[in-house]
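Written out below as structure tokens is the structure these notes cover.
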Amino acid sequence: MADKKFLDAMKKKFSEDPTEKTTQFYNMGGWTQSEKKTAFVNEGKEIAKKRGIPMYNPDIGTPLGQRALMSYQLSTTDTFVEGDDLHFINNAAIQQAWDDIRRTVIVGLNTAHNVLEKRLGIEVTPETITNYLETVNHAMPGAAVVQEHMVETDPLVVQDSYVKVFTGDDELADEIDSAFVLDINKEFPEEQAEALKAEVGGAIWQAVRIPSIVGRVCDGGNTSRWSAMQIGMSMISAYNQCAGEGATGDFAYASKHAEVIHMGTYLPVRRARAENELGGVPFGFMADICQASRVSPDDPVKTSLEVVALGAALYDQIWLGSYMSGGVGFTQYATAAYTDNVLDDFTYYGKDYVEDKYGGLTEAPNNMDTVLDVGTEVAFYALEQYEEYPALLETHFGGSQRASVISAAAGCSTAFATGNAQTGLSAWYLAMYLHKEQHSRLGFYGFDLQDQCGAANVFSIRNDEGLPLEMRGPNYPNYAMNVGHQGEYAGIAQAPHAARGDAWAFNPLVKIAFADKNLVFDFSKVREEFAKGALREFEPAGERTAITPAK
Amino acid sequence: MVQIYPGTSQVAQNRRNFTNPEYELDKLREISDEDVVKILGHKAPGEEYKSVHPPLDEMDEPDDSVRELVAPIDGAKAGDRIRYIQFVDSMYFAPAQPFLRARSYLSRFRGIDTGTLSGRQVVEARERDLEKLSKTLLETEYFDTARTGIRGAGVHGHSLRLDENGLMFDMLRRQVFNKETGKVEMVKDQVGRELDEPVVLGEPLDEETLRAKTTIYRIDGEAYKDDVEAVKVCQRIHVSRSFGAFNPVTGW
């Protein structure tokens, strides 16, 4: 048996050898074989007794557990968990990953500094910037700086809120109090740091984190408003402004509109969401939010698949799995992309194939011949694993799971070969066709309809018909109800940049803003964090224990 | 020859056979009309068909050239409601497979609406027409008693390993293997309601027959990658769709 990365998981999940084609059913003890579901039953009984309304009862409806209720290994970790542990409602790490994105906005200080210096003749120095940052770090969590007799937020509830700055100017960065600086030189490998600093130049940007709890009570659209209000007040205080003078309007305009980068764009009315909601986060942003590229720069597979995991949890489980569909999470097939080392096995195979065939990554011609070669090779390899290892086929028991994983591997591998996300995307679609013909099945209607027409807009870069993959997102035409795809698309957007050793995929400011040790969720090790969440070892922010009765 | 499906393998030939309406499907078993009705579970055997509109002859329909051109199917003529049958095809060499079903249904049956997923394949039609096509689907090589499931709901099983009797997993255990007779019996209708008497579906096909009739490519059967012609056509479709939308003349 070859060294397949998914075999350890298969051996743990099932009692039979992974190549065994028969097994036993109907004698597993139903839901009682699951520790988690057994606990749910006990909890449900307690709750029902207390509230007088019946609750959880797995004996209602379809008979759970007629076959082995298998465990799942978080890929690249040693952690095995039950499927229930990866539901976003049961996993505080997944929730916090979303919180940390939704509560972030990047705001320039450059317009404000210009107004201060050129219009008002006020000198801006590293010392005044530090003073401003001290002020805004008092105000951003919800404290007052301009008026007396104001009500304020309890620091224990909003302790995750702060503001840091970054710049490409090393000298300026050195002179600002280091407590407030995202140090590009410290966080990134040297080459990446140089590229990022060159892109940022002498500009200075704030990575603003409003409190997690504000995003939960209000919405993503509130992030830039809350941020702008506190920035405006802090400017007035730090630079001794008149609260009503014209310049304050400019500060407000800059921090609300002119120099603001939202993590997600506003969605059209038919989806009715403001900025900083998941449906507006472009795949390239998701790739840049993930920080695996700076901690594992020599492992393009890991770098890309960490992005896949982040996207699968957020786009599939939270955005499409609940926001858009009203469903309860789509956990089962979203998690296929980041559990049991299956996608990892397929993608490392593709990377090795590319290196052997083309003499290295990004060496292949960026054309359809490479798409056909790498896409076909990887798709066939992946499909064959399901045929050689019945345990693997049973693990990914839905065609949508297999389709996503197979096509993601084909797409990432092709992007490794060409250094271009568009050809990677083309291989995704090719793999879908090959899968459909080999097994005479794919996903479900809503899943694969876009896979059967998407090839037509891969190379058609026209408004509303095609975009570079990095700029596409969940709201792109045809992708809007596209579960099991979007995390993978984000991974394919990352893949060429990982292969090229790029410091970022789409936006250098986003990449830097998330290179931040003070974030609650560690975006450099997504799957490890999800595992901690599954084990109930992840400590989230924005908890209400400070304002609720002690238990 | 009609270009129904490319490929030089037996799987490709089987796909052509199913999809070619001129090809006469092997009849492998006898299922009575009454048993078909029981399996479907939409009405009791002998019960009148429920109507959703009066017979077309009694309806004062506006003049319409399409109505002139298209002869209504029997169920539409009578005003029957629309009902369904849904199959689950094991990836372990079941004869029919989901997209093959869709493609072949559309060339064999009129007045249908069919939907294809990885783990189930539904076809809807007016009730009396549904019964007729269901009989074909159950009696012919479309069906194997062990590897094909008739399941309206609770469908998981197509990708799961087989049980010790070679049957596909079914959480509701609608089709069960009778060890004494060696035959598979349907003890519940397609949505899992118990039947008064089991419907005997017959013996499972042997492995050799299944492999000869299957329409799925597998490396432990016939590998798709070895069917060079079929793969080339699939790749050509990909290239054509990709370039056709960009620059059909020069590509990119």
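Using the crude model of +1 on Lys and Arg Cβ and -1 on Asp and Glu Cβ, and no other charge, please compute the dipole size for segment A:1-42 relative to its Cα centre, in debye to 20.
Details: 8 positive and 6 negative charges, 35 e Å.
So the dipole magnitude of segment A:1-42 works out to roughly 160 debye.
Taking R0 as 41 Å, what's the FRET efficiency between A:A546 and A:L120 from their Cβ-Cβ distance, rounded to 0.05? Provide the component values of the computation, followed by the final result.
Values: r = 40 Å, r/R0 = 0.99.
FRET efficiency, A:A546 to A:L120: 0.50.
Starting from the Cα coordinates of segment A:114-220, work out the convex hull volume and express it per residue in Å³.
In segment A:114-220, the Cα hull volume divided by residue count equals 147 Å³.
Hey, any idea what the orientation-averaged projected area of the convex hull of segment A:360-456's Cα atoms comes to, in nm²?
Mean projected area of the Cα convex hull: 5.9 nm².
Please calculate the 1.4 Å probe accessible area of B:Y49, with all protein chains present, and give it to the nearest 10 Å².
For B:Y49, solvent-accessible area is about 70 Å².
For segment A:450-551, report the translational diffusion coefficient in µm²/s to the nearest whole number, using Stokes-Einstein at 4 °C, 1.567 mPa s, and a Kirkwood Rh over Cα pairs.
Once the numbers are plugged in, D ends up at 76 µm²/s.
Quick check: residue separation of B:K43 and B:Q13 times 0.36 nm, minus the Cα distance between them. What number comes out in nm?
7.0 nm
Based on alpha-carbon centroids, what's the gap between segment B:40-101 and segment A:218-292 in Å, whole number please?
One Cα centre to the other: 56 Å.
Measure of size requested: the Rg and Dmax of chain B, with Cα atoms as the atom set and Å as the unit; please supply both.
When restricted to Cα atoms, chain B yields Rg and Dmax of 20.4, 67 Å.
Show the residues, 5+ positions off or on another chain, whose built amide H is closer than 5 Å to the amide H of A:N276.
Answer set, sorted by chain and number: A:M263, A:G264, A:T265.
If B:D170, B:D206 are ordered by their accessible area, calculated over protein heavy atoms with a 1.4 Å probe, which sequence runs from highest to lowest?
Per-residue accessible area, sorted high to low, gives B:D206, B:D170.
In square angstrom, rounded to the nearest 10, how much accessible surface does B:H53 have for a 1.4 Å probe?
B:H53 has an accessible surface of roughly 40 Å² with all protein chains in place.
Between A:N478 and A:N42, what is the FRET efficiency for a Förster distance of 51 Å, r being their Cβ-Cβ separation, to the nearest 0.05?
Working: r = 45 Å, r/R0 = 0.88.
FRET efficiency, A:N478 to A:N42: 0.70.
Placing +1 on the Cβ of each Lys and Arg and -1 on the Cβ of each Asp and Glu in segment A:461-551, which of A:L535, A:A505, A:A546 has its Cα farthest towards the positive end of the resulting dipole?
Among A:L535, A:A505, A:A546, the one farthest towards the positive end of the dipole of segment A:461-551 is A:A546.
In the full protein assembly as shown, how much of A:Y348 is accessible to a 1.4 Å probe, in Å² to the nearest 10?
Ignoring ligands and nucleic acids, A:Y348 comes out at about 60 Å².
Within the set A:K11/A:K517; A:K21/A:K351; A:K4/A:K511; B:K50/B:K77, which residue pairs have Cα atoms separated by over 25 Å?
From the list (A:K11/A:K517; A:K21/A:K351; A:K4/A:K511; B:K50/B:K77), the Cα-Cα distance tops 25 Å for A:K11/A:K517; A:K21/A:K351; A:K4/A:K511.
Projected area of the protein assembly as shown, taken from the Cα convex hull and averaged over every viewing direction, in nm²?
If I average the Cα hull's projected area over directions, I get 41.5 nm².
Is there a quick way to get the dipole size of chain A? I mean about its Cα centre, with the Cβ of Lys and Arg at +1 and of Asp and Glu at -1; what is the value in debye to the nearest 20? Intermediate results must be reported in sequence, preceding the final value.
On the way: 45 positive and 75 negative charges, 443 e Å.
The calculated dipole for chain A is roughly 2120 debye.
Report the Cα centroid-to-centroid distance between segment A:108-162 and segment B:8-32 in angstrom, as an integer.
76
For segment A:119-161, what mean projected area does the convex hull of the alpha carbons give, in nm²?
Quarter of the Cα hull surface area: 4.2 nm².
Once Lys and Arg get +1 and Asp and Glu get -1 on their Cβ, which of B:G149, B:I39, B:P6 lies farthest toward the positive end of the dipole of chain B?
B:P6
Working with all protein chains in place, sort A:R441, B:R83 by solvent-accessible area computed with a 1.4 Å probe, largest first.
B:R83, A:R441
What residues qualify as long-range amide H neighbours of A:T339, i.e. H under 5 Å apart, gap of 5 or more or another chain, H built at 1.01 Å from N?
Amide H to amide H, under 5 Å and 5 or more residues apart or across chains, A:T339 pairs with A:S75.
Provide, for q = 0.18 Å⁻¹, the log10 of I(q)/I(0) from a solvent-free Debye sum over equal Cα point scatterers in segment B:73-191.
One equal scatterer on each Cα of segment B:73-191 leads to -0.90.
Above 21 angstrom, tally the Cα pairs of segment A:257-389 and express them as a % of all pairs, no decimals.
56
Taking every alpha carbon pair in segment B:45-112, what does the distance histogram look like in 5 angstrom bins from 0, in percent?
Result returned by the calculation: 3, 12, 16, 18, 15, 13, 11, 7, 3, 1, 0.
If amide H atoms are built 1.01 Å from N in the plane of the peptide, which residues on other chains or at least 5 residues away come under 5 Å of the amide H of B:K188?
B:L195
In debye to the nearest 20, how big a dipole does segment A:31-96 give about its Cα centre with +1 on each Lys and Arg Cβ and -1 on each Asp and Glu Cβ?
340
Rank A:Y433, A:Y323 by accessible area, highest first, at a 1.4 Å probe radius?
So the residues, ranked largest to smallest area, are A:Y323, A:Y433.
Of A:F444, A:L7, A:Y381, which is farthest on the positive side of the dipole of the protein assembly as shown, counting Cα position, with +1 on Lys and Arg Cβ, -1 on Asp and Glu Cβ, and the Cα centre as origin?
Farthest towards the positive end: A:F444.
Residue by residue, what Karplus-based ³J(HN,Hα) values in Hz, rounded to whole numbers, does segment A:347-358 have, using 6.51, -1.76 and 1.60 with θ = phi - 60° and x for Gly and Pro?
Result, ordered by residue: 6, 5, 4, x, 5, 4, 4, 4, 5, 5, 6, 10 Hz.
The values are calculated or read from the model by the stated rules, or taken from the named source; none is laboratory data. If you're wondering where the values come from, they're calculated on a predicted model, not measured in any experiment. As a convention, Cβ positions derive from the backbone with ideal geometry for all residues, glycine included, and neighbour counts pool all protein chains shown. With ligands, DNA and RNA removed, areas are computed over all heavy atoms of the protein, side chains included. Shrake-Rupley method; radii C 1.70, N 1.55, O 1.52, S 1.80 Å.
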